[in-house]
């Protein structure tokens with residue numbers, strides 16, 4: 001992997017991040033939004049692991065932070081799905097535009 | 001081109017194609033399947049980088065856990081078999097332009113940022129043993145240990161999962177409640 005270098009991994013991570021942000025904007029289904037969040041977190045993780053591989057001072061730290069991000073992403077997915085199920089119970093849809101009960 | 005470069009190009013092409021599929025497919029179920037491809041591609045990237053433990057954790061937690069959870073969510077909340085909620089064209093234009101601007105910005109800055117020197121040339125990363133020791137507070141040769149983040153993350157995961165179970169518990173419908181009061 002030494003002849004690939006850090007930059008291609010950063011570009012791949014940037015592309016995944018941009019795809020995740022595009023998911024936030026274009027999806028109206030709440031679970032589609034959640035998939036965008038997963039893409040963004042995975043892009044950050046890929047950056048961390050690539051830094052762990054190519055920067056000598058981050059060999060442990062990059063992986064440790066990546067594991068912490070994986071755990072937090074799992075927790076986020078669980079609680080977000082619980083919220084969406086609750087929302088679906090009350091509104092019978094997961095369209096995020098229907099979540100306007102608090103609108104002034 | 002050497003073998004690792006070709007391997008990386010194949011994996012990167014698969015991952016980008018799957019990520020585009022997540023954004024562009026209309027049905028949520030198809031998005032979930034494309035997301036499966038993207039997550040597996042990222043796990044293969046971890047393997048290519050030499051982080052075997054992390055790649056295995058990615059496969060187990062994301063592909064085995066989070067994605068199954070998401071497919072269950074789709075199953076429970078979808079009204080019809082392919083009932084997609086349609087996106088307006090203006091949202092496609094907005095999303096595409098914001099995402100491409102962001103991509104251009106990130107690529108420009110990551111290429112312009114100082115690349116690490118010296119670059120580490122060891123093709124393996126510390127595996128599960130050193131990572132576990134760092135999490136348990138055994139300091140390595142540079143004295144870094146991660147006991148406090150480990151504890152914070154564990155308590156956070158416990159609290160969040162209890163809260164998720166509380167939020168998603170089976171509730172009586174309002175109609176049933178009225179009936180029981182009457």
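The values are calculated or read from the model by the stated rules, or taken from the named source; none is laboratory data. Since this is a predicted model, take the numbers as computed values, not measurements. With ideal geometry, Cβ positions are generated from the backbone for all residues, glycine too; neighbour counts draw on all protein chains shown.
Residues of segment B:24-50 being surrounded by 16 or more Cβ atoms within 10 Å (Cβ to Cβ) and touching a residue at least 60 places away in the same chain (Cβ under 8 Å), which ones? Residues satisfying the conditions are B:49, B:50.
Among the residues of segment B:115-134, what is the count of those that are touching a residue at least 40 places away in the same chain (Cβ under 8 Å), under 17 Å from residue A:66 (Cβ atoms) and at the interface with chain A (Cβ under 7 Å from one of its Cβ atoms)? Qualifying residue count for the region: 2. Tell me yes or no: at least one residue of segment B:148-163 is part of a loop (DSSP other than H, G, I, E, B) and free of Cβ contacts under 8 Å to residues at least 24 places away in the same chain. No, segment B:148-163 has no match at all. From (1) touching a helix residue (DSSP H, G or I) at 6+ places or on another chain (Cβ under 7 Å); (2) over 27 Å from residue B:151 (Cα atoms); (3) assigned to a loop (DSSP other than H, G, I, E, B), pick out the condition that doesn't hold for residue B:123. Residue B:123 satisfies all of (1) touching a helix residue (DSSP H, G or I) at 6+ places or on another chain (Cβ under 7 Å); (2) over 27 Å from residue B:151 (Cα atoms); (3) assigned to a loop (DSSP other than H, G, I, E, B) except (1).
With respect to the conditions (1) part of a loop (DSSP other than H, G, I, E, B); (2) closer than 21 Å to residue B:48 by Cα; (3) facing another protein chain (nearest Cβ under 8 Å), residue B:110 lacks only one, and its number is (1). Checking B:17, B:53 one by one, the residue that is more than 7 Å from chain A (Cβ to nearest Cβ), surrounded by fewer than 20 Cβ atoms within 10 Å (Cβ to Cβ), touching a residue at least 60 places away in the same chain (Cβ under 8 Å) and assigned to a helix (DSSP H, G or I) is B:53 and no other. Among the residues making up segment A:28-52, those that are within 7 Å of chain B (Cβ to nearest Cβ), free of Cβ contacts under 8 Å to residues at least 60 places away in the same chain and closer than 19 Å to residue B:73 by Cα are A:32, A:34, A:35, A:38, A:39. Condition check for residue B:33 on (1) farther than 30 Å from residue B:170 by Cα; (2) modelled with pLDDT of 90 or more: one failure, at (1).
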